[in-house]
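Right, one structure below, let's go through it.
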Amino acid sequence: MTWVIVSQCMQRSALFFRRLWSSMVTRMVLAVMVALIAAQLFSFVILGRAHRTVLSDISQRSLLQQFESLVWLLENNPDSDYPAILATAQTSNTWYAVNDHNTLADKHVSPADKRLINRLLHLLGDQYHGRVFVDLDHWERSGGERHRPAFNEDCQGACDRSERTPDWQLRDRHQDRRPPAVSSLEVAVHMDNGQWLHMQAMAPIVPPLVARQTIIFLVTAMILVLVVLAVMVRRTTQPLSLLSKAAVKLGMGEQVTPVPEQGPADLRDTIRAFNQMNNRLQRFVSDRTRMLAALSHDLRTPITGMRLRVEMMPDSADRERLLTTLEEMQQMSEATLAFMRQEAENEVTRQVDLNAMTGSLCDDLAELGQAVNYQDSQKVIIRCRPVSLKRALRNLIENGVKYGQYVDVQLALYTRAGQSLAAVVIQDAGPGIPERWMEHVFEPFFRLEGSRNWDTGGMGLGMAIARNIVRNHGGEIFLKNTAAGLKVTLELPLH
């Protein structure tokens with residue numbers, strides 16, 4: 001029992017998502033959402049690189065300007081003031097030292113280094129030409145890191161000549177602060193007093209372009225765009241939905257009121273064309289029905305006159321044959337008139353329990369002495385014209401009893417090509433119908449000979465009326481010979 005419930009839930013969920021995906025609103029919203037996400041990711045890649053490049057350039061320009069100012073201060077102050085000046089200039093990402101030698105003398109000069117040297121010379125002046133050395137490198141922390149030099153910790157940023165060490169030592173406390181991958185800049189300038197001013201700077205961590213505020217803004221903007229898009233698409237598709245429902249009703253023989261002409265101009269033109277087609281089709285069917293009904297009604301007068309004249313003739317074999325022919329003509333005229341009246345009926349469509357209606361009809365026929373058995377089923381709600389549909393069911397069941405002596409009726413539910421269907425299956429115990437005549441039995445006034453009894457009491461309109469009613473409900477009737485007899489399946493769509 002639990003597995004059945006889970007299976008039904010899964011089927012309903014699959015059906016729900018299938019219908020959701022088939023909606024134009026869902027497809028448009030998903031397509032735009034994917035496009036927006038892809039555009040934002042592409043923008044982040046491009047703008048992120050530009051963002052890092054701009055900030056790096058600004059950082060380098062600021063560092064060079066600070067270095068130029070520091071050189072000017074040191075050149076214009078005595079050596080005793082160097083420790084205080086350097087301590088003041090030092091920051092968490094920038095360190096300075098003064099010593100007697102150039103640690104960048106043997107460094108390879110790259111094109112990027114040359115650009116920075118030229119920029120620094122532009123700030124310091126041409127008198128420093130050949131006295132400026134730059135090393136711009138990418139320093140990575142890893143298990144096999146290479147340590148870049150730093151000043152002696154004991155010097156606190158500046159040392160006198162007796163305390164200076166030949167090489168800088170790595171400062172562990174600053175190493176721990178460094179991110180996994182940063183750009184480092186080392187600059188050395190030979191000052192006028194013969195000493196070398198060294199600067200080691202670590203590029204500040206570039207703030208991420210995708211900050212929390214940026215994500216909130218983009219998500220909010222995307223939601224607003226998708227909501228507006230969903231509303232606009234929904235307003236566009238709503239007239240299409242009304243048009244679709246009207247077309248289905250028209251195909252099922254219902255009276256369709258004109259669809260409101262709303263939406264874009266192209267859609268209004270389509271709805272207007274549908275309304276014109278609906279009016280013309282209804283007028284054509286109504287005119288044809290009235291014409292045939294009037295013709296059938298008008299035939300009564302000449303047939304009655306001919307019958308009176310024939311009855312006044314002396315008794316003979318020809319008189320009996322003429323009376324029989326006139327009787328058949330009158331029956332055909334009456335049957336045609338009844339058929340046209342059924343065509344002209346405008347019964348209101350409403351919701352009906354197909355199980356209850358079919359069971360009630362079978363019970364009524366059983367009480368009249370006909371061999372009909374109905375297997376009760378679950379509640380099945382359909383939209384139909386109950387009087388017309390009940391007439392079609394009665395014709396099919398009575399034909400089964402008349403030609404098959406016994407009829408077993410049951411209700412079936414299944415899905416075909418994504419369409420949910422309800423079927424009334426009528427199985428008789430008769431000889432069946434030859435395959436070549438199965439389509440002909442639905443033609444008006446067609447009667448089988450040999451395989452079925454001739455004395456039917458009808459004019460061959462029962463099957464034609466039944467299929468006409470079922471097709472007007474959007475369904476179909478299928479015939480199939482089985483070992484037990486003829487099986488008639490009446491299919492109706494579930495909306």
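The values are calculated or read from the model by the stated rules, or taken from the named source; none is laboratory data. Not measured: the values here are computed from a predicted model. With ideal geometry, Cβ positions are generated from the backbone for all residues, glycine too; neighbour counts draw on all protein chains shown.
Restricted to strands (runs of 3 or more DSSP E) entirely inside the stretch 350-418, those with at least 1 residues that are basic (K, R) are 350-353, 381-384, 407-416. Checking each residue in the stretch 228-278 for being free of Cβ contacts under 8 Å to residues at least 60 places away in the same chain and more than 27 Å from the chain's Cα centre (by Cα) picks out L250, V256, T257, P258, R272, A273, N275, Q276, M277, N278. Does any residue of the stretch 49-61 turn out to be part of a helix (DSSP H, G or I), in the same structural domain as Q127 (by TED's automatic domain parsing), modelled with pLDDT of 70 or more and not polar (S, T, N, Q)? Yes, because at least one residue in the stretch 49-61 is part of a helix (DSSP H, G or I), in the same structural domain as Q127 (by TED's automatic domain parsing), modelled with pLDDT of 70 or more and not polar (S, T, N, Q). When the residues of the stretch 117-133 are filtered to those that are in contact with a helix residue (DSSP H, G or I) (Cβ under 7 Å, 6 or more places away or on another chain) and assigned to a helix (DSSP H, G or I), the one that is farthest from M191 (Cα to Cα) is R119.
Being closer than 26 Å to A466 by Cα and either at pLDDT below 70 or not assigned by TED's automatic domain parsing to the domain that holds L461 (or both) holds for only one residue in R319, R290, R307, and it is R290. Does I5 satisfy the criteria of being modelled with pLDDT under 80, among the β-branched types (V, I, T), more than 30 Å from Y128 (Cβ to Cβ) and in a helix (DSSP H, G or I)? Here the answer is yes, as I5 does meet what is asked.
Which members of the stretch 222-243 meet the condition of being loosely packed, with under 13 Cβ neighbours inside 10 Å and modelled with pLDDT of 85 or more? If the condition is that a residue be loosely packed, with under 13 Cβ neighbours inside 10 Å and modelled with pLDDT of 85 or more, then I223, L224, V227, V228 are the ones that fit. Out of all the residues in the stretch 75-91, which are out of contact with any Leu (no Cβ under 6 Å at 6 or more places or on another chain), closer than 19 Å to L123 by Cα and either in a helix (DSSP H, G or I) or not assigned by TED's automatic domain parsing to the domain that holds S184 (or both)? E75, the sole residue that qualifies. Among the residues making up the stretch 264-286, those that are surrounded by 14 or more Cβ atoms within 10 Å (Cβ to Cβ), over 20 Å from T349 (Cβ atoms) and either of a type in the set (A, V, I, L, M) or touching a Leu at 6+ places or on another chain (Cβ under 8 Å) (or both) are L267, T270, I271. All of L104, L124 fail the test of being crowded, with 16+ Cβ neighbours inside 10 Å, within 14 Å of Q66 (Cα to Cα) and either modelled with pLDDT under 85 or aliphatic (A, V, I, L, M) (or both), apart from L124.
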